[in-house]
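Novice: Below you will find the structure I want to go over with you.
The values are calculated or read from the model by the stated rules, or taken from the named source; none is laboratory data. Computed from a predicted structure; not experimentally measured. Cβ atoms come from the backbone with ideal geometry, glycine included; neighbour counts cover every protein chain shown.
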Amino acid sequence: MGMLVNGLWQDIAYQTKRGEFVRNDSLFRDWVSADGSSGFRAEARRYHLYVSLACPWAHRTLILRALKGLGDAITVSIVDPYMGPEGWSFSERRGCTRDSVNATAFLRDVYLKAKSDYTGRVTVPVLWDRETGTIVSNESSEIIRMLNREFDAFASRELPDLYPEALQPQIERWNEIIYRTVNNGVYRAGFAAAQDKYEAAARELFATLDTIEEHLGQHRYLCGAVLSLADWRLFTTLVRFDTVYYVHFKCNLRRLVDYDKLWAYTRELYQFPGVAATVDLEQIKEHYYRSHPRINPTGLVPVGPALDFAAPHGRESSVQTGQ
C-alpha cells in the first residue's frame, strides 16, 4: 500500500499500533456552503467527485448524489477498482472513467495538484473545486452533509433533510458507535496484525450488529420513523458484508442474511430510487480480493455469494415507525 510523503509516492503499509489497524485522518476539511460564506459557494457543475464504486466511504457520496438528483450539478470520475502498487488509477474498463477534469493517470496526481508537498494517504472520495483548482474535502462524512443540504438549489429530487437539527445528537450517537465498530470495525478485523486485536474488533462488530438487529425490531430506521444520514453510513458496510467482509476480512461469526431485521433493512435501503445503480458488487469484489495481497495472496475473486437485494423487504407493515 502506498502513500505520498512530502509529495513523493512511497510504498508504506497501513499503520498498526500493537497489531491494531489505525486509520489515518482526512486532511482536506473545507466546506461548500449554499451562500458561499465558507469560501466555497455551491454552484452547478463547479464541483467534481472522484470516487471508487468499490469503496464504502466513496459510496456514501454517490448515494447522496443519486438520492438528491445531483447528477447534472456534480460530475464524477470513477477510478479503477484495482488498487495496485501505484494506488488508485483511472482507466476505461467497464464502469470506470478517465479523469475528465485534471487529465491525470493516478489519483495521487490530483492530490499533488492541490498540495505539491502533500503527506498522507490518497483516498476516495475527493470533492474537487474547478474554480480554485483544489480539493475541498476528502472526508466522506462531511461531503455527504454538504450534499444533503448545501446543493438543494440544484437538486432535481425532493428529499427530506437527512440531518435535521432536532435529531443530530441521536444521529451522531449512532455514527460514533457504527463508525468505530462497524464501518471501521470490519477493517480493524481485516487488517489486524495480532490475534487479540482481530478478535476484539470482530466481537465489537457483532455486538453492535446484534444491538441494531434488536433496535430494528421496534423501529424502522436508526432514528425511529426518520431516515437519516446514519442509515446511509451504515448501509454501505452492510451491502458489502456477505460479499467481502464475511470472508475476506474474517468477519464470519454471522452473515448479514442471518439477521432477519438487518437483512430486510438493507434490502429496503437498496430499493430506494437511484441507490441500486450505485452498487457494483463485481467492482467491490475485484477491489478487495485483488488489492490486498497480504490477505489474499492468490488474488482469486470468488464467484459468489448469490444475494437478492431486490427481494421484497416487508418493512412497511412489520415494523413500528415510532421513535
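Novice: Against the conditions (1) crowded, with 19+ Cβ neighbours inside 10 Å; (2) of a type in the set (A, V, I, L, M); (3) in a helix (DSSP H, G or I), where does Ala166 fall short? Just the number, please.
Specialist: (1)
Novice: Looking at the stretch 210-250, which of its residues are of a type in the set (Ser, Thr, Tyr), surrounded by 18 or more Cβ atoms within 10 Å (Cβ to Cβ) and either more than 17 Å from the chain's Cα centre (by Cα) or not assigned by TED's automatic domain parsing to the domain that holds Arg180 (or both)?
Specialist: Tyr221, Tyr246
Novice: Further, regarding this structure: Name the residues in the stretch 29-45 that are surrounded by 13 or more Cβ atoms within 10 Å (Cβ to Cβ) and in contact with a Lys or Arg (Cβ under 8 Å, 6 or more places away or on another chain), would you?
Specialist: Val32, Ser33, Ala34 - these are the residues of the stretch 29-45 that are surrounded by 13 or more Cβ atoms within 10 Å (Cβ to Cβ) and in contact with a Lys or Arg (Cβ under 8 Å, 6 or more places away or on another chain).
Novice: Just give me the residues in the stretch 150-182 being within 19 Å of Cys223 (Cα to Cα) and among the basic types (Lys, Arg), in sequence order.
Specialist: Of everything in the stretch 150-182, those that are within 19 Å of Cys223 (Cα to Cα) and among the basic types (Lys, Arg) turn out to be Arg173, Arg180.
Novice: For the stretch 86-106, check the following and say yes or no: at least one residue is buried (at least 23 other Cβ atoms within 10 Å of the Cβ) and more than 19 Å from Ser141 (Cα to Cα). Give the derivation first.
Specialist: Start the filter on the stretch 86-106 by keeping residues that are buried (at least 23 other Cβ atoms within 10 Å of the Cβ), which leaves 88, 90.
Keeping just the survivors that are more than 19 Å from Ser141 (Cα to Cα) gives 88, 90.
The answer is yes; a qualifying residue exists.
Novice: Based on this model, can you work out whether Leu4 counts as crowded, with 19+ Cβ neighbours inside 10 Å and within 24 Å of Leu227 (Cα to Cα)?
Specialist: No.
Novice: Does the stretch 306-322 contain at least one residue that is in a helix (DSSP H, G or I), touching a helix residue (DSSP H, G or I) at 6+ places or on another chain (Cβ under 7 Å) and touching a residue at least 40 places away in the same chain (Cβ under 8 Å)?
Specialist: Scanning the stretch 306-322, I find at least one residue that is in a helix (DSSP H, G or I), touching a helix residue (DSSP H, G or I) at 6+ places or on another chain (Cβ under 7 Å) and touching a residue at least 40 places away in the same chain (Cβ under 8 Å), so the answer is yes.
Novice: Same structure, new question: Answer yes if at least one residue in the stretch 26-40 is aliphatic (A, V, I, L, M) and either over 22 Å from Asp129 (Cβ atoms) or outside any loop (DSSP other than H, G, I, E, B) (or both), and no otherwise.
Specialist: no
Novice: Is it the case that the stretch 9-27 has a residue that's β-branched (Val, Ile, Thr), more than 20 Å from the chain's Cα centre (by Cα) and either surrounded by 13 or more Cβ atoms within 10 Å (Cβ to Cβ) or under 30 Å from Glu199 (Cα atoms) (or both)? I'd like the intermediate steps shown before the answer.
Specialist: Residues of the stretch 9-27 that are β-branched (Val, Ile, Thr), as a first pass: 12, 16, 22.
Restricting the remaining residues to those that are more than 20 Å from the chain's Cα centre (by Cα) gives 12, 16.
Remaining after also requiring either surrounded by 13 or more Cβ atoms within 10 Å (Cβ to Cβ) or under 30 Å from Glu199 (Cα atoms) (or both): 12, 16.
Yes; the residues of the stretch 9-27 include at least one that is β-branched (Val, Ile, Thr), more than 20 Å from the chain's Cα centre (by Cα) and either surrounded by 13 or more Cβ atoms within 10 Å (Cβ to Cβ) or under 30 Å from Glu199 (Cα atoms) (or both).
Novice: Determine whether the stretch 266-278 contains at least one residue that is at pLDDT below 95, at negative phi and of a type outside the set (Ser, Thr, Tyr).
Specialist: Within the stretch 266-278, none of the residues are at pLDDT below 95, at negative phi and of a type outside the set (Ser, Thr, Tyr).
Novice: Scan the stretch 195-217 for residues that are over 17 Å from Tyr179 (Cα atoms), in a helix (DSSP H, G or I) and among the small types (Gly, Ala, Ser) and jot them down.
Specialist: Residues satisfying the conditions do not exist here.
Novice: Moving on. I'd like to verify a number: residues in the stretch 188-205 that are surrounded by fewer than 18 Cβ atoms within 10 Å (Cβ to Cβ) and not basic (Lys, Arg), how many?
Specialist: Going through the stretch 188-205 one residue at a time, the tally reaches 7.
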